[in-house]
Amino acid sequence: MRHTPYRRMLAATLFAACAALVPMAAAPAAAVQTARVDRHHQDDYPPGGLGPEVTARLDKTIEDVRRQAGIPGVVVGLWMPGKGSYVRATGVADTATRRPMTTDGFVRIGSETKTFTVTALLKLADDRRIRLDDPISRYVHGVPDGGRITLRHLAGMRSGLFPYSADPDFVRDLLSDPERSFTPREVLAYGFRHKNTFAPGQEFQYSNTNLILLGLVIEKVSGQRLADFIDTQVLRPAHLRHTLFPQGAEFPEPHPRGYTNQTLTGATADATDWNPSWAWAAGAMISNLQDLRCWAESVATGQLLTPRTQAQRLKTLPTGFPGLSYGLGIFETGGWIGHNGSIPGYQTVTVYLPAKKATLVIMINTDISSGGQEPSTLLARAVTGVVTPGNVYDGAIAPR
């Protein structure tokens, strides 16, 4: 899902998961989780285990897409139990210095943030501190039709609330000063000036407005800042040591430079140090390859949630876009479960294929579309076409 100020969100699929946490009566849940996650961090997939022919095909396929789509740098990680792994970086992290892309860099993960925010919300549901069918008006005042829009509608992109990132004044204000800081209430105001686009639950519409509201719910109920709650309740239990929720434009090293044409003139610009505060609970987070690898399986298999709540998250509904269904802050395409991310300068895909227990992570340093499609979607489709031809990632959402 694209974090775009002036184009409607195009979507590819990104998912996340780590290691299924099966309850054991003889051991505390925390101990079981630690053992499972720590074992997963050991690289038990033999490098090159996919075989020289498949590896060569992947090398060529990825490089072909990279060049044709004009992507500066690409990182691809693929892990398939019983077969092996494939981890490669190609292209450049900096178009000026020609510094090569590497597999150890941090990137802005855009809409993959939604999987973390919704996981935090669902943990509150597991703790019976909120109910998914509560109206948003119970927690946040001033939401248009807030008495009928539920937390479930918000997490499933079925609220009908206008996406603030499509408001022309927001676009102008952001792109005139992309390093400025926005508060959640400020971005919501851009969306609330518009009429709702449909009655709650009637349709699917991807809208960052939904996630900003869920972030406010989490803060109100928990009494903590969203970043702190996600850190203690999601990142630490999942052992994600290289994932963070920045407060401003801070960006850990090393990281590639990020390039976008989401500018007032349409010219390409370096968006590396743009402030992602405007995306907040919908898209501000940062991570790296190994953490995303772990998160893919974790979120897809419900490590941090009860089975009942995880089942609700994975109950996907049609989106109106071929090949893509959406659950609660997560989607499915071609059997792959997860989420994608796009924010000026960067795109990611983090998905898990339960049928083969396979994980795919893609990170690139541009969000400039190619032939009307997101470059991360092109890469994910091409990679899965080689390694899982029966399960091709192909869930792009076209503009409406």
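Please treat every number below as a calculation from the coordinates, not as lab data. Keep in mind it's a predicted model, so treat the numbers as computed, not measured. Positions of Cβ are backbone-derived with ideal geometry, glycine not excepted, and every protein chain shown enters the neighbour counts.
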Inset, instruction - Normalising by the residue count of segment 29-387, find the relative contact order in percent from Cα pairs under 8 Å and 6+ residues apart. - result: 24 percent
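Only counting other Cβ atoms within 10 Å, I'd like Arg66, Arg313 sorted with the fewest neighbours first. Write down the numbers at each step before the final one.
Numbers: Arg66 22, Arg313 25.
With the fewest neighbours first, Arg66, Arg313 line up as Arg66, Arg313.
Classify the chain as rounded, prolate or oblate, taking a ≥ b ≥ c as the square roots of the eigenvalues of its Cα gyration tensor: rounded when a/c is under 1.5, otherwise prolate if a/b is larger than b/c and oblate if not.
Details: a/c = 1.57, a/b = 1.13, b/c = 1.38.
In terms of gyration-tensor shape, oblate.
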Inset, instruction - Find the centroid of the Cα atoms in segment 52-112 and in segment 293-344, then give the distance between the two in whole Å. - result: 23 Å
Inset, instruction - Return the sequence-ordered ³J(HN,Hα) values of segment 349-356 in whole Hz as given by the Karplus equation 6.51 cos²θ - 1.76 cosθ + 1.60 applied to θ = phi - 60°, using x for Gly and Pro. - result: 9, 9, 9, 10, 10, x, 4, 10
Inset, instruction - At most 12 other Cβ atoms within 10 Å plus a DSSP loop assignment makes a site exposed; report the longest stretch of the chain without any exposed GluC sites (Glu not before Pro). - result: 1-178
Legend entry - Dipole moment magnitude, nearest 20 debye, segment 250-337 about Cα centre, only Lys, Arg, Asp, Glu C-beta charged: 460 debye
Inset, instruction - Select from Thr348, Thr197, Thr113 the residue whose mean-square fluctuation is largest in a Gaussian network model of the chain (Cα-Cα springs shorter than 10 Å). - result: Thr197
Legend entry - Charge dipole magnitude, Cβ of K and R +1, D and E -1 - the chain, Cα centre, debye nearest 20: 860 debye
